[in-house]
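Participant: Handing you this structure, nothing more for now.
The values are calculated or read from the model by the stated rules, or taken from the named source; none is laboratory data. Because the structure is a prediction, the values reported are computed rather than measured. So basically every Cβ, Gly included, is an ideal-geometry build from the backbone, and we count neighbours across all protein chains shown.
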Amino acid sequence: MGLRITIICENTVPTGWGLIGEHGFSALIERDDEKILFDTGQGKGLLHNAGFLGLDLKGVKDVVLSHGHYDHTGGLMDFLLQAGGARITAHPHIFQPKYARLNDVIHYIGIPFSREALEGCSGVFRLSDQVVEVVPGIITTGVVPRQTPFEGKDEMLVVKEGDGFKEDELLDDLSLIIDTPQGQVLLLGCAHAGLINILSHVKALTGRDSSLWVIGGTHLGFYGPERLEEVMQELQAFPIDNLGVSHCTGLYAGARLAQEMGHRFRFCNVGSVIEV
């Protein structure tokens, strides 16, 4: 079968399909007999969309969480209950008390379950800030160094510390690197670390600056025009055969990427399938 990646949760869906769109992300990776779930969306669409798409999540033994926000972890409990447990790979900070500050109002946006509750549903956590081999040929990025001056910070995102709040460094933001005979596939959750930072880190890790596919959320939807153009300029240094964006990319940034990349660009909504 080779490698197949199916988008299960994302902000948009094809019309008339009966699928659920939600602000969040989840993708199923299938490679021969292996199944890995990357993120779990908010929790509204995961099981519904998987069933509608004919995806059997009961065979999934590994889950990778890109970071600890609700829109990437909210479906985890339902998944564990259906699958009967799984190994969960993530950064230790996924359980930090994460909040968003919008117009001086603080909203909780962290993982909606305690570690104890998830372990009670047979979730076995493997938490590390280092590169982790999920299965042979598929690794996490570990912590992504912040090198570019225009990426990796978001003053609206904070964590609770004592009686107050401090800016969330989002060190838990990780991506997946999948090695294939045809080339390297990079799967992003939300790219809070910054798309260019992630690509630079992947090059340092693997010695390869080219990607067969880059898929997932890019966080470019939160960038202003000047910041977006800085990313577009730096992106030219990384040969990308195919770019399939989702979730937090936004329509404006998606259109700008499509203009730059032409036929190499694809918008990956719920139900999109990438095969290598």
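Participant: Residue under question is His91, and the condition is that it be of a type outside the set (Gly, Ala, Ser) and under 21 Å from Val144 (Cβ atoms); does it hold? Steps first, please.
Facilitator: Details: of a type outside the set (Gly, Ala, Ser): yes; under 21 Å from Val144 (Cβ atoms): yes.
Judged against the criteria, His91 is a match.
Participant: Just give me the residues in the range 115-158 being over 19 Å from the mean Cα position of the chain (by Cα) and of a type outside the set (A, V, I, L, M, F, W, C), in sequence order.
Facilitator: Arg115, Glu116, Glu119, Gly120, Ser122, Gly123, Pro136, Gln147, Thr148, Pro149, Glu155, listed by residue number.
Participant: Pairs needed: first member in the range 230-259, within 26 Å of Gly207 (Cα to Cα); second member anywhere, part of a helix (DSSP H, G or I) and among the hydroxyl-bearing types (Ser, Thr, Tyr); C-beta distance under 9 Å; at least 6 residues apart or different chains.
Facilitator: Sorted first by the residue in the range 230-259, then by its partner, the pairs are Glu234/Ser200; Ala237/Ser200; Phe238/Ser200; Leu257/Thr249.
Participant: Moving on. For the range 99-111, state whether one or more residues are of a type in the set (D, E, K, R) and at pLDDT below 95. Full working, then the answer.
Facilitator: Step one: of the range 99-111, the residues of a type in the set (D, E, K, R) are 101, 104.
So of that shortlist, the ones also at pLDDT below 95 come out as 101, 104.
Yes, because at least one residue in the range 99-111 is of a type in the set (D, E, K, R) and at pLDDT below 95.
Participant: Is there any pair linking a residue in the range 73-88 that is more than 14 Å from Ser114 (Cα to Cα) and touching a residue at least 40 places away in the same chain (Cβ under 8 Å) to one that is of a type outside the set (Gly, Ala, Ser) and assigned to a loop (DSSP other than H, G, I, E, B), with Cβ under 8 Å and at least six apart or on different chains, and which?
Facilitator: Phe79/Thr40; Phe79/Val60; Leu81/Cys121; Ala86/Val60; Ala86/Lys61
Participant: If you don't mind, another one. Going through the range 7-21 one residue at a time, which ones are touching a residue at least 12 places away in the same chain (Cβ under 8 Å) and either surrounded by fewer than 24 Cβ atoms within 10 Å (Cβ to Cβ) or hydrophobic (A, V, I, L, M, F, W, C) (or both)? Don't jump to the end; show me each part of the working.
Facilitator: Looking only at the range 7-21, we keep the residues that are touching a residue at least 12 places away in the same chain (Cβ under 8 Å), and these are 7-14, 17-21.
Within the range 7-21, Ile7, Ile8, Cys9, Asn11, Thr12, Val13, Pro14, Trp17, Gly18, Leu19, Ile20, Gly21 meet the criteria.
Participant: On to the next question. Every residue in the range 211-230 that is over 15 Å from the mean Cα position of the chain (by Cα) and small (Gly, Ala, Ser), please.
Facilitator: Applying the first criterion (over 15 Å from the mean Cα position of the chain (by Cα)) to the range 211-230 yields 211-212, 222-230.
Within the range 211-230, Ser211, Gly224 meet the criteria.
Participant: Okay, moving on. Among residues belonging to the range 198-226 that are hydrophobic (A, V, I, L, M, F, W, C) and part of a helix (DSSP H, G or I), point out the one that is modelled with the lowest pLDDT.
Facilitator: Looking only at the range 198-226, we keep the residues that are hydrophobic (A, V, I, L, M, F, W, C), and these are 198-199, 202, 204-205, 212-215, 220, 222.
Right, trim to part of a helix (DSSP H, G or I) and you get 198-199, 202, 204-205, 220, 222.
Details: Ile198: 98, Leu199: 97, Val202: 97, Ala204: 97, Leu205: 96, Leu220: 95, Phe222: 91.
Out of the qualifying residues, it is Phe222.
Participant: In addition: Take the residues in the range 40-52 that are under 16 Å from Val273 (Cα atoms) and either touching a helix residue (DSSP H, G or I) at 6+ places or on another chain (Cβ under 7 Å) or among the polar types (S, T, N, Q) (or both), then tell me which one is surrounded by the fewest Cβ atoms within 10 Å (Cβ to Cβ).
Facilitator: From the range 40-52, those under 16 Å from Val273 (Cα atoms) are 46, 49-52; that's our starting set.
So of that shortlist, the ones also either touching a helix residue (DSSP H, G or I) at 6+ places or on another chain (Cβ under 7 Å) or among the polar types (S, T, N, Q) (or both) come out as 46, 49-50.
Values: Leu46: 28, Asn49: 27, Ala50: 22.
Among residues in the range 40-52 that are under 16 Å from Val273 (Cα atoms) and either touching a helix residue (DSSP H, G or I) at 6+ places or on another chain (Cβ under 7 Å) or among the polar types (S, T, N, Q) (or both), the one surrounded by the fewest Cβ atoms within 10 Å (Cβ to Cβ) is Ala50.
Participant: Let me ask something additional. Taking the range 153-199 as the search range and keeping residues that are charged (D, E, K, R) and within 16 Å of Leu220 (Cα to Cα), which one is surrounded by the fewest Cβ atoms within 10 Å (Cβ to Cβ)? Talk me through it step by step, then tell me what you get.
Facilitator: Step one: list which residues in the range 153-199 are charged (D, E, K, R), which gives 153-155, 160-161, 163, 166-169, 172-173, 179.
Then drop every residue that is not within 16 Å of Leu220 (Cα to Cα), which leaves 153-155, 173.
On the way: Lys153: 14, Asp154: 14, Glu155: 8, Asp173: 28.
Once the filter is applied, the top-ranked residue is Glu155.
Participant: Which one is nearest to Leu55 (Cα to Cα) among residues in the range 238-274 that are in a loop (DSSP other than H, G, I, E, B) and of a type outside the set (Gly, Ala, Ser)?
Facilitator: Val270
Participant: Continuing with this model, one more query. Pick out the one residue from Gly43, Gly51 that is over 23 Å from Ile178 (Cα atoms), in contact (Cβ under 8 Å) with a residue 12 or more places away in the chain and either assigned to a loop (DSSP other than H, G, I, E, B) or not aromatic (Phe, Trp, Tyr) (or both). Please lay out each step first, then the result.
Facilitator: On the way: Gly51 fails: in contact (Cβ under 8 Å) with a residue 12 or more places away in the chain.
Result: Gly43 is the single residue among Gly43, Gly51 that is over 23 Å from Ile178 (Cα atoms), in contact (Cβ under 8 Å) with a residue 12 or more places away in the chain and either assigned to a loop (DSSP other than H, G, I, E, B) or not aromatic (Phe, Trp, Tyr) (or both).
Participant: Ok, one more. Tell me yes or no: at least one residue of the range 222-241 is within 25 Å of Gln182 (Cα to Cα), touching a Lys or Arg at 6+ places or on another chain (Cβ under 8 Å) and surrounded by 16 or more Cβ atoms within 10 Å (Cβ to Cβ).
Facilitator: Of the residues in the range 222-241, the ones within 25 Å of Gln182 (Cα to Cα) are 234-241.
Retained after the next criterion (residues that are touching a Lys or Arg at 6+ places or on another chain (Cβ under 8 Å)): 238, 240-241.
Pick out the ones that are also surrounded by 16 or more Cβ atoms within 10 Å (Cβ to Cβ) and you get 238, 240.
Yes, some residue in the range 222-241 is within 25 Å of Gln182 (Cα to Cα), touching a Lys or Arg at 6+ places or on another chain (Cβ under 8 Å) and surrounded by 16 or more Cβ atoms within 10 Å (Cβ to Cβ).
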